[in-house]
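One structure is given below, encoded as structure tokens.
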Number of protein chains: 2
Amino acid sequence: MVTTKLIPRTPEAVEPPLLIKSILAQSLRYEPQREIIYRDLFRMNYVEFNKRVRRLANMLTGLGIAPGDTVAVLDWDSHRYLECFFGVTSMGAVLHTVNVRLSPAQILYTMNHAQDKVVLIHEDFLPILTAIKDQLTTVEKYVILYDKVYTDLNAVGQVPAGFSCEYEAALRDESDEYDFPDFDENTWATTFYTTGTTGNPKGVYFSHRQLFMHTMGLSTFVCGYQAVPFSSTADVYMPITPMFHVHAWGFPFLATLLSAKQVYPGRYEPEVLLKLLLSEGVTLSHCVPTILTMLVNSPVAKQVDLSRWKVIIGGSALTKGLAKAALELGIQVYQGYGMSETAPIMALTQLNDTERPLPIDEQVDYRTRAGRVAPFVDIRLMDDDGNFVPHDGHSLGEVVARGYWMTQGYYEDPERGADLWKGGWLHTGDVASVTPDNWLIIADRTKDVVKTGGEWVSSLDIENLLSQIDGVAETAVVGLPDERWGERPHALVVLKPGTDLTADSIRQMLRDRIEADHLNKWYLPDRILFVAEIPKTSVGKIDKKRIRTDMKDQILNT
Amino acid sequence: MVTTKLIPRTPEAVEPPLLIKSILAQSLRYEPQREIIYRDLFRMNYVEFNKRVRRLANMLTGLGIAPGDTVAVLDWDSHRYLECFFGVTSMGAVLHTVNVRLSPAQILYTMNHAQDKVVLIHEDFLPILTAIKDQLTTVEKYVILYDKVYTDLNAVGQVPAGFSCEYEAALRDESDEYDFPDFDENTWATTFYTTGTTGNPKGVYFSHRQLFMHTMGLSTFVCGYQAVPFSSTADVYMPITPMFHVHAWGFPFLATLLSAKQVYPGRYEPEVLLKLLLSEGVTLSHCVPTILTMLVNSPVAKQVDLSRWKVIIGGSALTKGLAKAALELGIQVYQGYGMSETAPIMALTQLNDTERPLPIDEQVDYRTRAGRVAPFVDIRLMDDDGNFVPHDGHSLGEVVARGYWMTQGYYEDPERGADLWKGGWLHTGDVASVTPDNWLIIADRTKDVVKTGGEWVSSLDIENLLSQIDGVAETAVVGLPDERWGERPHALVVLKPGTDLTADSIRQMLRDRIEADHLNKWYLPDRILFVAEIPKTSVGKIDKKRIRTDMKDQILNT
């Protein structure tokens, strides 16, 4: 850091910190009558919302929460969750958005590790709680969240044994006055856990300043650059990526800043989603490809007008087939790229002046890329020696990043935190190229890329080539050690029944294709092993780690 | 400040400071081919612009500028000025945007006070320099800015005696590589001087963080809330408020962030402005009412299509007459409110969901208000005892503010700085009301408001009532001390020739009007003094200070 001249300050002068309460305050200024909706159960405007956020802060204070304490939430996407996004953080407490998809044992680990003090839990998750409650070491109070209170007044205030209160009754009984204090903008605001293939879940965390700046960056991209055009005047937002997953990509903060109409769908049920989409006029959502596939294939989709709906796909890659199917239904599909550690936005589809007028078929190529690198995110491609690789659209390197909203480590895990930030850059573990015009194209995971003769070859690229051969049902490509080249690619292939392909004929077809595509000859796998099935992980992903270890000898002896 | 838990940081983790270079970096990402234009003399795209900004930093380094040094610019609105906005600040130096409309003696004062080290000056201002050069105490080097270099290659590199170099030749000879360093975001970025009725000009100043956040706030307002709709994809920006005046309201930073097309008109000449407006397709400008009046009254205005032009008025109030005339030509007029001390945006016209569809006649009422309070600006109305006055649309109080972009004092003037920030709020000296739906309505200056019987009465409101009486040519209302009420209003009136109005008849008409408008009876001036002319200041404003002192006895003896 260079030494410069700082601005002098008059003793009484004030420059406020960047806090989440400042985002909340804007929601009352311009369109406070706009609504926040929960399924067909509950609706309120921003005036009411602001009051309820304050009632929540009073309720938590009553339950013993002070600045620095952690409040855990286990809920579906709801207005209650949004209230916690603002209320818990603005009182100076930490919001732990519990990933309810983890195993009970993992949930237990994360709740003890985060030192949760008060837990807000939807009744659907009581079985999980029952399984782990005895082993929770820091929790002092429980609050029950019921959906039935919105249709059955008798349910308001019903409390299971061991619980302190029911959410709606408690809110009703509290004052709607609460003066959110000023504090350091580097205050811990949220925390949640991310899992890898090994070890305990890792706790990532974000400060008020980081979430404030993420909101500003997202706003610049979607409002200013019209990446995924979003204007509070015309748009209605509904998340279909859980709020416990990186704050539903931070969009709830932006929608609240702009006092846009927001729709929270609770548990994701196809008919409820589609009904809300139409009845509330939803124009912007984000989801994983599975959800979009389900909606696109729904018989109803062809009978209704989805042409105002913009959907950002994340989590897994958007395929060209799905993109085209959605575009043909009038749905505008985009892709986003990010991870828990990056709060999450690192890239998002943004069609520039030349790309925007292109026909759908040509747009598909752009819309299925990871996206253009987002404003204020500094992305580089790094090789194994820590050198930067050029952004020429074909050179591969690991995606490393800096920016205003990157987790500064893993909670109480200095070793993995140091790995994440090795050399002062956040390592994503993804291998990609970046085009000179700022498109990020993900090629592989660092651990799966094949490093051969000083070049990085994407195992996914080779799999794509193989999958285009008639008769190939499924394939997996891994790199294995090679004395001369460091590593060489090898392929597992599952053949379709009745085909007469041989390893030699496949290699010949690949060789022709590699030549035609002007690819380098090192894309050609050394060995092709025919197998009955490809090893998969518990969540159905190809288990390349297991292939590289358990099947190594079998492959090399082919 | 409440004590909270801060986020822990891994030793190698990086969270970058909020710097102006980060705004500049975005301009290359999405639409680098868009252009920045200077009159009909020069045009470049953002790629070239980024290179020139770095050439400038190298040039200044060569002239001895180091972080913390001050660089002064005297220029019309130009691409060169924009280059200084980014280049001077991003190298860690301070940019002094010299107000060339001050007297040579005042300019001399500001340049010595700011400790300018290198001066960039347009040839038009050489006569000023000649007058003061001998008395400049800190300047070491001069750079000449010529317009003729864009049409006459022989002029490139011509240097007057005592000058170090000519801007274009110097840029041409420098490298376009310059690695702008990281430094503290509270680094002093810009400074300029504001004048009052007494004393020396006061130096206000802004940090990188403040200008960054001003850009974010403006972006949220105009891109997100569509206050004055601005999208880089559809809009072309041309300032008609000088860049030395609060960085042309900060719009050049936003336009660069969004890589919007920008047009710089040089010295304001009506025919040049109108020509650029049409030939470059300008859609967004800001100016003082005088300029808009001039353009609206130009015979050409009625022959051309100005329906894509949005104009924000500031500096003085937009009258309903001018607003209507502009709207009828298809020009969308808006009003902004701010001051040098507030960087400047505090309020801007923003029509909400209900107001936007209103007919022009009704919109005029909204568009002539000071505006809706801007995002992240915390405005309060304060009475003489430091208490807050309710935002009920009629109660008056002094406008005081806090926010992310307020000057933290006056340079080396602790006393006036302490006055500005008395009680921890920035005092604007303006008296206003705020409606419950966030409209700011300026009523008067604090020193001119009449404080009578515990109530604040706007002298401007009484002047407005008086000016509606047939036969009244001009009027000025001031408050004078009164034993019983503290102060009472008194009026000076200039009659139109041939009228037979008397003080009594005017008071009677006023009394009727006050009754009809349900105004309070304390609006009625105690005395009406007929005068041949109203005392004015050198810039043509009513000199109420002089009226209150020099004419006090004369008024009270009426």
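The values are calculated or read from the model by the stated rules, or taken from the named source; none is laboratory data. Please read these numbers as outputs of a predicted model, since none were measured by experiment. In this analysis, Cβ positions are derived from the backbone assuming ideal geometry, glycine residues included, and neighbour counts consider all displayed protein chains.
Per-residue answers, yes or no, for (1) farther than 26 Å from A:Thr349 by Cα; (2) in contact with an Asp or Glu (Cβ under 6 Å, 6 or more places away or on another chain); (3) more than 14 Å from every other protein chain (Cβ to nearest Cβ):
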position	(1), (2), (3)
A:Asp385	yes, no, yes
A:Tyr411	yes, no, no
A:Gly417	yes, no, no
A:Asp437	no, no, no
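For the range B:77-101, how many residues meet the condition of being in contact (Cβ under 8 Å) with a residue 60 or more places away in the chain, in contact with a Leu (Cβ under 9 Å, 6 or more places away or on another chain) and hydrophobic (A, V, I, L, M, F, W, C)?
Counting residues in the range B:77-101 that are in contact (Cβ under 8 Å) with a residue 60 or more places away in the chain, in contact with a Leu (Cβ under 9 Å, 6 or more places away or on another chain) and hydrophobic (A, V, I, L, M, F, W, C) gives 5.
Residues of the range B:409-435 being in contact with a helix residue (DSSP H, G or I) (Cβ under 8 Å, 6 or more places away or on another chain) and either part of a strand (DSSP E or B) or not hydrophobic (A, V, I, L, M, F, W, C) (or both), which ones? Walk me through how you get there before you give the answer.
Kept after step one, since they are in contact with a helix residue (DSSP H, G or I) (Cβ under 8 Å, 6 or more places away or on another chain), are these residues of the range B:409-435: B:409-412, B:420, B:426-428.
Listed by number, the residues that qualify are B:Gly409, B:Tyr410, B:Tyr411, B:Glu412, B:Leu426, B:His427, B:Thr428.
Mind checking which residues of the range A:512-558 are in contact with a helix residue (DSSP H, G or I) (Cβ under 8 Å, 6 or more places away or on another chain), among the charged types (D, E, K, R) and surrounded by 12 or more Cβ atoms within 10 Å (Cβ to Cβ)?
Passing the criteria: A:Arg513, A:Arg527, A:Lys544.
Between a first residue in the range B:354-377 that is away from every other protein chain (no Cβ under 14 Å) and a second residue that is part of a loop (DSSP other than H, G, I, E, B), which pairs have beta carbons less than 6 Å apart while being 6 or more apart in sequence or on different chains?
So the pair list comes out as B:Arg367/B:Thr349; B:Thr368/B:Leu318.
If you take the residues of the range A:387-399 that are touching a residue at least 12 places away in the same chain (Cβ under 8 Å) and in a strand (DSSP E or B), which of them is farthest from the other protein chains (Cβ to nearest Cβ)?
Restricting to residues being touching a residue at least 12 places away in the same chain (Cβ under 8 Å) and in a strand (DSSP E or B), the top hit is A:Gly397.
What is the number of the single condition among (1) surrounded by 16 or more Cβ atoms within 10 Å (Cβ to Cβ); (2) on the phi > 0 side of the Ramachandran plot that B:Gly486 does not meet?
(1)
Tell me, please, whether a residue that is away from every other protein chain (no Cβ under 14 Å), in contact (Cβ under 8 Å) with a residue 12 or more places away in the chain, surrounded by fewer than 24 Cβ atoms within 10 Å (Cβ to Cβ) and under 30 Å from B:His208 (Cβ atoms) can be found in the range B:450-462.
Initial filter on the range B:450-462 (away from every other protein chain (no Cβ under 14 Å)): B:450-462.
This time we only want the ones that are in contact (Cβ under 8 Å) with a residue 12 or more places away in the chain, so: B:450-462.
Next, from what is left, pick out any that are surrounded by fewer than 24 Cβ atoms within 10 Å (Cβ to Cβ): B:451-456, B:458, B:460-461.
Still in the running and under 30 Å from B:His208 (Cβ atoms): none.
The answer is no, given that none of the residues of the range B:450-462 is away from every other protein chain (no Cβ under 14 Å), in contact (Cβ under 8 Å) with a residue 12 or more places away in the chain, surrounded by fewer than 24 Cβ atoms within 10 Å (Cβ to Cβ) and under 30 Å from B:His208 (Cβ atoms).
Checking the conditions here, which among B:Val431, B:Val494 is more than 27 Å from B:Gly314 (Cβ to Cβ), more than 14 Å from every other protein chain (Cβ to nearest Cβ) and in contact with a strand residue (DSSP E or B) (Cβ under 6 Å, 6 or more places away or on another chain)? Lay out the reasoning, then the answer.
Details: B:Val431 fails: more than 27 Å from B:Gly314 (Cβ to Cβ).
B:Val494 is the lone residue from the list that is more than 27 Å from B:Gly314 (Cβ to Cβ), more than 14 Å from every other protein chain (Cβ to nearest Cβ) and in contact with a strand residue (DSSP E or B) (Cβ under 6 Å, 6 or more places away or on another chain).
Among the residues of the range A:380-397, is there at least one that is under 25 Å from B:Arg9 (Cβ atoms) and within 16 Å of the chain's Cα centre (by Cα)?
There is no residue in the range A:380-397 that is under 25 Å from B:Arg9 (Cβ atoms) and within 16 Å of the chain's Cα centre (by Cα).
Kindly establish whether B:Pro497 is on the phi < 0 side of the Ramachandran plot and touching a helix residue (DSSP H, G or I) at 6+ places or on another chain (Cβ under 8 Å). Steps first, please.
Details: on the phi < 0 side of the Ramachandran plot: yes; touching a helix residue (DSSP H, G or I) at 6+ places or on another chain (Cβ under 8 Å): no.
No; evaluated as a whole, the condition is false for this residue.
Considering only helices (runs of 4 or more DSSP H) fully contained in the range A:181-270, which possess at least 1 residues that are among the aromatic types (Phe, Trp, Tyr) and within 13 Å of another protein chain (Cβ to nearest Cβ)? Don't jump to the end; show me each part of the working.
Details: elements: A:208-219, A:246-249, A:251-257.
Hits in the range A:181-270: A:208-219, A:251-257.
Please specify each residue of the range A:184-195 satisfying the condition of being touching a Lys or Arg at 6+ places or on another chain (Cβ under 7 Å) and either surrounded by fewer than 24 Cβ atoms within 10 Å (Cβ to Cβ) or over 19 Å from A:Met91 (Cβ atoms) (or both).
Listed by number, the residues that qualify are A:Glu185, A:Asn186, A:Tyr193, A:Thr194.
Across the range B:515-537, what is the total count of residues that are among the charged types (D, E, K, R) and either part of a helix (DSSP H, G or I) or in contact with a Cys (Cβ under 6 Å, 6 or more places away or on another chain) (or both)? Talk me through it step by step, then tell me what you get.
First, the residues of the range B:515-537 that are among the charged types (D, E, K, R): B:515, B:517, B:521, B:526-527, B:533, B:536.
Subsequent filtering for residues that are either part of a helix (DSSP H, G or I) or in contact with a Cys (Cβ under 6 Å, 6 or more places away or on another chain) (or both) retains B:515, B:521.
Within the range B:515-537, residues that are among the charged types (D, E, K, R) and either part of a helix (DSSP H, G or I) or in contact with a Cys (Cβ under 6 Å, 6 or more places away or on another chain) (or both) number 2.
Within the range B:487-509, can you find the residues that are part of a strand (DSSP E or B) and among the hydrophobic types (A, V, I, L, M, F, W, C)?
To start, the set of residues in the range B:487-509 that are part of a strand (DSSP E or B) comprises B:487-495.
If the condition is that a residue be part of a strand (DSSP E or B) and among the hydrophobic types (A, V, I, L, M, F, W, C), then B:Ala491, B:Leu492, B:Val493, B:Val494, B:Leu495 are the ones that fit.
Can you name every residue in the range A:501-556 that is at pLDDT below 90 and among the small types (Gly, Ala, Ser)?
Selection gives A:Ala516, A:Ser538, A:Gly540.
Testing A:Leu129 on (1) without any contact (Cβ under 8 Å) to a residue 60 or more places away in the chain; (2) under 28 Å from A:Pro181 (Cβ atoms), one condition comes back false. Which one is that?
All conditions pass for A:Leu129, except number (2).
Could you list all residues from the range B:125-161 that are within 27 Å of the chain's Cα centre (by Cα) and not aliphatic (A, V, I, L, M)?
Residues satisfying the conditions are B:Phe125, B:Pro127, B:Tyr146, B:Asp147.
Can you spot a residue in the range A:347-354 that is surrounded by 17 or more Cβ atoms within 10 Å (Cβ to Cβ), at pLDDT 90 or above and in a strand (DSSP E or B)?
Let us first name the residues in the range A:347-354 that are surrounded by 17 or more Cβ atoms within 10 Å (Cβ to Cβ), namely A:347-352.
Checking the rest, the ones that are also at pLDDT 90 or above come to A:347-352.
Restricting the remaining residues to those that are in a strand (DSSP E or B) gives A:347-348.
Among the residues of the range A:347-354, at least one is surrounded by 17 or more Cβ atoms within 10 Å (Cβ to Cβ), at pLDDT 90 or above and in a strand (DSSP E or B), which makes the answer yes.
Only one of (1) of a type outside the set (S, T, N, Q); (2) in contact with an Asp or Glu (Cβ under 7 Å, 6 or more places away or on another chain); (3) assigned to a helix (DSSP H, G or I) fails for B:Val159. Which number is that?
(3)
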